[in-house]
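*Asks:* Encoded as C-alpha cells, here's the structure I'll be asking about.
Nothing in this text is a laboratory measurement; each read-out follows from the coordinates by a stated rule. Just so it is clear, the structure is predicted and the values come from calculations on it, not from any experiment. Ideal geometry is used to build each Cβ from the backbone, glycine not excepted, and the neighbour counts take in all protein chains shown.
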Amino acid sequence: MTMINGGEAVYRVLKANKIETVFGLLGGSMLELYDAMYHGGDIAYVGARDERAAGHMADAWARMTGKPGVVLGAQAGPGVVNLVTAVAEAHLAYSPLVVIAGAITRVDQAKDTFQEVDQVALFAPICKRSVMVPDPSRLAPMLEDAIRLANSGRRGPVVLHVPRDLFAAEIPAIDPEPVNIARPGPAAPSDIGAIADLLSNAERPVIFAGGGFRWGRGREALTTLAEMLEIPVVASTGHADIMRHGHPWFAGQAGPRGNLVASRLTKEADVMVVLGARLGFNSTFHSNDYVGADTRIAHVDIDGSAVGRYFPAEIAVQADAAQTALALTTAASKPDADMWRAAFKQDMAALTAERADEAQIATLPMHPRRALGEIREAIPKDAIVTLDTGNTCLQAADRLAHYAPLSLITPLDFGLVGFGLAAAIGAKAAAPDRPVVAIMGDGAIGYTMIEIQTAVSQGLPIVIVVLDNEAWGAEKAYQQEYYGGRLLGAEILSPRFDKFAELCGGRGIWVDGPGEMGPALTKAIASGETTVIQCKIDPGALMTLRKDLFKAAKEG
C-alpha cells in the first residue's frame, strides 16, 4: 500500500478542488504541506509579511474567483492568532475563506506548551466552523468538509486547526474528487408570480440588489430585468459593480454611504424588490430614513434568516438572487410608472452634473473629490478597485466608475482599516490581466505598507493611491463637529510612501495639485510595476457619517 504524509494529503485535496493559489506566511507547523506544494508545482503560493494581510489576500481572491480562498496559518499560536482580523472581516463579508491553521502537537496539548492557545474557541464566534482535526485519517475528509461549508449557502470562513504531528503522519494514499456543492435555485413559481404581480402594479418601483449577484454571477440577469421593466436599480453598500457605471437604469449605491438619488428611491418607493441583499446596517442604518415605512417589500436572499429581519417583508423568499431575477424577466410586466421614471432620469442627470463639477474643484490643497473625479475619468474600464474604510474612502464609495463585472472589493460590514492594499494583491493574483488599484488613506496604508514588498517580490503589480490628509479623518471630523474642535490623536504625520515603494523595488509618484492625479494613474498602470501614488489632499475636506452617535455629546 502506498503511503503519503498529511501534508501531501492536504495538497491533493486543494489540487482536486482547483485551488490554484494559496496565501500565507511560512511557519514551522506545516512544513510538510509546503514541501508537497514545492514538489507538486500546481498550486501557486503567495507569501505575505503578516498573516492578517495573507487572509485579506485570500478573501479578495475568493471574491474574484468564486472559490474558497485558502490561507495557511503556518505557525501555531501567534501566527494563527494574527489571522483573527482577516477571519472576522471575511465572516461579515460572507466571503468563503478556508483557514488551515497550524496547532501544537497532540501530545503537548493542555500542558501550557510553548505558543499554546485555545485557537478553536478563539475563532468560534467569527466563522462558520472552528474545529480541531483529531487524527491523521480525518485530515483530508475534514478539509473537504471545510471547502464545502465555506462555499455553501451563506458563504463564510471555516477554520481547520491541524496539530503539527498530523502533517508528518503517514496515511494511505488518496485520490480525491472535487467537492460537490449544492446550489439553491430560483424562488418557487408561486413566489415568482407574487413578486411579478407586485412589480407590475407598482407606481414607484425599485430593485435593491446586493452581493447575491456577485456570488451568483448574475449581473446580466439583473441588467436584463431592469431594462425590461424600465425601473431603477440601487446597489447595497460595497456592491456598486453589480451593474455597469452609467447604465440608464442604475442609480448607484444607496444608503448612508451612497448617493442622494439612490437613497431617495428606496425611501419613496411604493414597491421595493430586494434581491441578494440583507438591507443591513451599512446600507440602511436600519432606519426609515433610507427605507420607507410604507414601502411594500419583496425580499429574496440565499440566507433565510436575513429575509425580513430588519424591515417587514410582504413576500419573504429564501432563494438565489440571480436565478430569481432571471425568472422574473419572463414573469413580470412593465409597470405604469412613467412619472417615477422621468423624475429618476432628471435626478440622475443632476447627480452626474454635480460629480462633473466636483472634478473641476481647483483649490489647494487638492480637494479629495477632485482627486476622485480624476481617478474616475482615468481608470481603465476593466480595472479592479479595492477600497479601505475611512473618511476619504467614504467619499470614494459612490464616486468611482465600475464598468466590468467584479470590479469593486471593499471591507463591507466589518469596516476594517488597512484592508485595501492586501486585498489588491489577492485580486491581482486572481485576475493577473486586469489592472488593480487600491485607494486608501494615509492612516490605512500604515497598517500593511510592508506588503508593497510582497506585491513586488511576487510579481503582482498593483497601484496604491494614498489620499493623504494627515489625519484619522473620520475621528477628526467628529472631534471638530461634536467636541468643539478639541483634537487629540486625530492628526498624524506620515512618511513619504512613494519613496518607501521605491525602497521596496517599486515606483513612487508624488501628487499635490489639481490635474496631476489622472496622468499619474495612467502612467502608473502603464508601467506594469507596483506603484504608490501619494496625493496630498485638503485636511479640512471631511464629512461625518454617524450623526446619531454624537448628537448627545454636542448638546452636552
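*Asks:* About the Cα centre, and with charges only on the beta carbon of Lys, Arg (+1) and Asp, Glu (-1), how big is the dipole of the chain? Nearest 20 debye, please. Mind showing how you got there, number by number?
*Replies:* Values: 50 positive and 63 negative charges, 60 e Å.
Here the chain has a charge dipole of around 280 debye.
*Asks:* I've got another one for you. For the chain, divide the Cα radius of gyration by the Kirkwood radius and give the resulting Rg/Rh value with two decimals.
*Replies:* Values: Rg = 24.1 Å, Rh = 24.5 Å.
On the Cα set of the chain, Rg over Rh gives 0.99.
*Asks:* If you take the charge dipole of the chain about its Cα centre, with +1 on Lys and Arg Cβ and -1 on Asp and Glu Cβ, which of VAL307, PRO435, ILE195 is farthest toward its positive end?
*Replies:* Highest projection toward the positive end goes to ILE195.
*Asks:* Considering just Cα atoms, how many Å³ per residue does the convex hull of the stretch 273-401 enclose? Can you show the working numbers first?
*Replies:* On the way: hull volume 21.9 nm³, N = 129.
For the stretch 273-401, the hull spanned by Cα atoms encloses 170 Å³ per residue.
*Asks:* Could you grab the Rg to Rh ratio for the stretch 3-172? Cα atoms only, Kirkwood for Rh. Let's see the in-between values first.
*Replies:* On the way: Rg = 14.2 Å, Rh = 15.3 Å.
Result: Rg/Rh = 0.93.
*Asks:* Right, another one. Output wanted: per-residue J couplings in Hz (rounded whole) for the stretch 95-103, from phi through Karplus 6.51 cos²θ - 1.76 cosθ + 1.60, θ = phi - 60°, x for Gly and Pro.
*Replies:* Karplus-based 3J(HN,Hα) across the stretch 95-103 equals 9, x, 10, 10, 9, 9, 9, x, 9 Hz.
*Asks:* List the trypsin sites (Lys or Arg not before Pro) within the stretch 326-397 that DSSP assigns to loop and that have no more than 12 neighbouring Cβ atoms inside 10 Å.
*Replies:* Working: sites: ARG341, LYS345, ARG355, ARG369, ARG370, ARG376, LYS381; in loops: LYS381.
Hits after loop and neighbour filter: LYS381.
*Asks:* Now for a different question. Enumerate the calculated ³J(HN,Hα) couplings along the stretch 37-54 in order (Karplus 6.51 cos²θ - 1.76 cosθ + 1.60, θ = phi - 60°), each rounded to whole Hz, writing x wherever the residue is Gly or Pro.
*Replies:* Calculated HN-Hα couplings, in order: 5, 4, 6, x, x, 9, 10, 6, 10, 10, x, 8, 9, 8, 4, 4, 5, 4 Hz.
*Asks:* How big is the convex hull of the Cα atoms of the stretch 359-547, per residue, in Å³? It would help to have the intermediate numbers written out before the result.
*Replies:* Values: hull volume 20.4 nm³, N = 189.
Output value, Cα hull per residue: 108 Å³.
*Asks:* Return the long-range amide H neighbours of GLY418 (sequence gap of 5 or more, or a different chain), with a cut-off of under 5 Å between placed amide H atoms.
*Replies:* THR389
*Asks:* Count the lysine pairs in the stretch 3-172 whose Cα atoms lie under 24 Å apart, taking only pairs 8 or more positions apart in sequence or on different chains.
*Replies:* Values: LYS15/LYS67; LYS15/LYS128; LYS18/LYS67; LYS18/LYS128; LYS67/LYS128.
Close lysine pairs found across the stretch 3-172: 5.
*Asks:* In whole Å, what is the distance between the alpha-carbon centres of the stretch 160-216 and the stretch 121-151?
*Replies:* 19
*Asks:* Roughly what % antiparallel, to the nearest 5, for the DSSP beta bridges in the stretch 359-547?
*Replies:* For the stretch 359-547, the DSSP antiparallel bridge percentage is about 5.
*Asks:* For the stretch 410-465 and the stretch 295-372, write down the distance between their C-alpha centroids in whole Å.
*Replies:* 28
*Asks:* Residue by residue through the stretch 333-343, what is 3J(HN,Hα) from phi via Karplus (6.51 cos²θ - 1.76 cosθ + 1.60, θ = phi - 60°)? Round to whole Hz and write x for glycine and proline.
*Replies:* 10, 4, x, 7, 9, 5, 5, 4, 5, 5, 5
*Asks:* Another question, if that's okay. Provide, for q = 0.10, 0.13, 0.15, 0.19 Å⁻¹, the log10 of I(q)/I(0) from a solvent-free Debye sum over equal Cα point scatterers in the stretch 189-348.
*Replies:* -0.28, -0.48, -0.66, -1.16
*Asks:* State to the nearest 20 debye the size of the charge dipole of the stretch 189-348 about its Cα centre, where the only charges are +1 on K and R beta carbons and -1 on D and E beta carbons. If you can, show how the numbers build up before the last one.
*Replies:* Working: 14 positive and 18 negative charges, 97 e Å.
Charge dipole, the stretch 189-348, about its Cα centre: 460 debye, nearest 20.
*Asks:* Suppose we keep just the DSSP beta bridges with both residues in the stretch 452-556; what percent of those would be antiparallel, to 5? Intermediate results must be reported in sequence, preceding the final value.
*Replies:* Details: 1 of 12 bridges.
Antiparallel bridges: around 10 percent, rounded to the nearest 5.
*Asks:* Excluding residues on the same chain fewer than 8 positions from LYS476, give the aspartates and glutamates whose Cα lies under 16 Å from its Cα.
*Replies:* Straight-line reach from LYS476, under 16 Å: ASP442, ASP468, GLU491, ASP538.
*Asks:* Ratio of alpha-carbon Rg to the 2.2 N^0.38 Å globular estimate for the stretch 445-550, to two decimals, please. Please list the in-between numbers first.
*Replies:* Values: Rg = 16.1 Å, N = 106, 2.2 N^0.38 = 12.9 Å.
Here the Cα radius of gyration is 1.25 times the empirical estimate.
*Asks:* Calculate how many DSSP beta bridges within the chain are antiparallel, expressed in % of all such bridges and rounded to the nearest 5.
*Replies:* Antiparallel: roughly 5 percent of the beta bridges in the chain.
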